[in-house]
Amino acid sequence: MLNHRSLTVQFAAVFLLALSLVGAAFYLILDRIYVNQLKSQAETVADNVDAFGSWVAQYGRVWVKDDNKSYLGHASLLQADEATAGTASPQLIPVDFYSKNPALAQREYSEVVERSPSPSKFRLTSHNVMNPGNKPDAFEEGALRRVRENNLKEYYELTPGGFRYARTVYQKAACIACHGDADKAPNDVKVRYGTTNGFGFKEGDVAGIISVRLPARSFWDVALNVVGIWDFVMILGAFLIAMLFIYYAVVAPVKRLTAATQQISLGKDADLGLADVPPKSGNELHQLALATERLRVSINMAIQRLTKRS
């Protein structure tokens, strides 16, 4: 058993156990800090997406020029030709504008970000998507299920592929026109997406999630950036200093005291090393040696008395 080993071995075992506990605590703290940092970055991305969607929603739709790839609604307006602008008889030419609702604008925004060098990516998805291209992936399906079943406002995971974050999006009154009753939806929405999916929502319902993806390094990559070679050297130095201390301050004096006590038990003179020890020393081993010396003197006095009586 460990308590039958030398004090040096016991101390080394206890020190290593304590070091292991400190290492485990460091792992948990660093992991929590890293995840919180990633979560903070993801929240910032979601905040920006929310803000952009709110900006579009306050106008109902936004109109853009010369973009007929995807739109909801089309209008032609007349404007002055640049060549004749400012003249007495400016020539008017038709210009096409195309409308984007909040969901479409946010989706196109996410596509631009997806093609950009930005490491942070996002998309909007739902359990009831209107556009099949917004179908949720495996993480998003799980996140949608959890936020709906547990009434969560957010959900996140650190996965092997990176950090995934989902913020719950609630149906707003401005969105009910397109996502409420399918029969009352704008005709251009019904023409483009049909009337099967993406409808039936009420104000306050969980509409979906803003899904954010961030690149994430492994824990050991992060840990090695925080703890360098000199940190390990200092830990090793602390271990060596502690081992030297326990040997010279505890083990060696105990061995010397044990040997001296053995000599005393045989009736021989022994040096307890008390020449430079003050009587009121605070060192417990000094006090033990002083007590042993008093015991030796008491035994000798008792032996002398017995000898005289004999």
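The values are calculated or read from the model by the stated rules, or taken from the named source; none is laboratory data. Every value quoted in this text rests on a predicted model; they were computed, and no experiment measured them. Cβ coordinates were reconstructed from backbone atoms using ideal geometry, including for glycine residues, and neighbour counts include every protein chain displayed. Note: areas computed on protein heavy atoms with side chains; ligands, DNA, RNA excluded. Shrake-Rupley method; radii C 1.70, N 1.55, O 1.52, S 1.80 Å.
Oblate is the label for the range 239-290, because a/c, from the alpha-carbon gyration tensor with a ≥ b ≥ c as root eigenvalues, is 1.5 or above and a/b does not exceed b/c. Here is the tail figure for the chain: Cα pairs spaced more than 25 Å apart come to 70 percent of all pairs. With contacts taken as Cα pairs under 8 Å at a separation of at least 6 residues, the range 45-190 carries a relative contact order of 18 percent. For the range 89-171, place one equal point scatterer on every Cα, skip the solvent, and apply the Debye formula. What is log10 of I(q)/I(0) at q = 0.10, 0.16, 0.23 Å⁻¹? So the normalised log intensities work out to -0.35, -0.73, -1.28.
Skip the ligands, DNA and RNA, and give the accessible area per residue of the chain with a 1.4 Å probe, whole Å².
Numbers: 20090 Å² over 310 residues.
I get 65 Å² per residue for this part.
When only Cα pairs below 8 angstrom with a gap of at least 6 residues are kept, the chain shows a relative contact order of 16 percent. Subtracting the Cα-Cα distance of Glu108 and Gln262 from 0.36 nm times their residue separation leaves 46.5 nm of extension gain. Helix 138-149 and the longest principal axis of the Cα set of the chain meet at an angle near 90°. Global size of the range 112-265: 31.2, 108 Å for Rg and Dmax (C-alpha atoms, Rg to one decimal, Dmax whole).
At an R0 of 35 angstrom, the distance between the Cβ atoms of Asp183 and Asn151 translates into a FRET efficiency of 0.70. Ranking Asn134, Leu152, Ala259 by Cα position along the charge dipole of the chain, where only Lys, Arg, Asp and Glu carry charges on their C-beta atoms, puts Ala259 farthest toward the positive end.
Compared with the dominant principal axis of the Cα atoms in the chain, helix 7-57 is inclined by about 10°. To the nearest 10 degrees, how steep is helix 252-265 against the longest Cα principal axis of the chain, on a 0 to 90 scale? Around 30 degrees separate the two axes.
So the label point goes 7 Å from the Cα of Ser281 along Cα→C-beta, right? Which residues of the range 235-274 then have their backbone N under 11 Å from it? Within reach of a label on Ser281: 253-254, 257, 272-274. The protection proxy used here, the mean number of other Cβ atoms lying within 10 Å of each residue, ranks peptides 94-102, 192-200, 18-26 as follows, highest first: 94-102, 192-200, 18-26.
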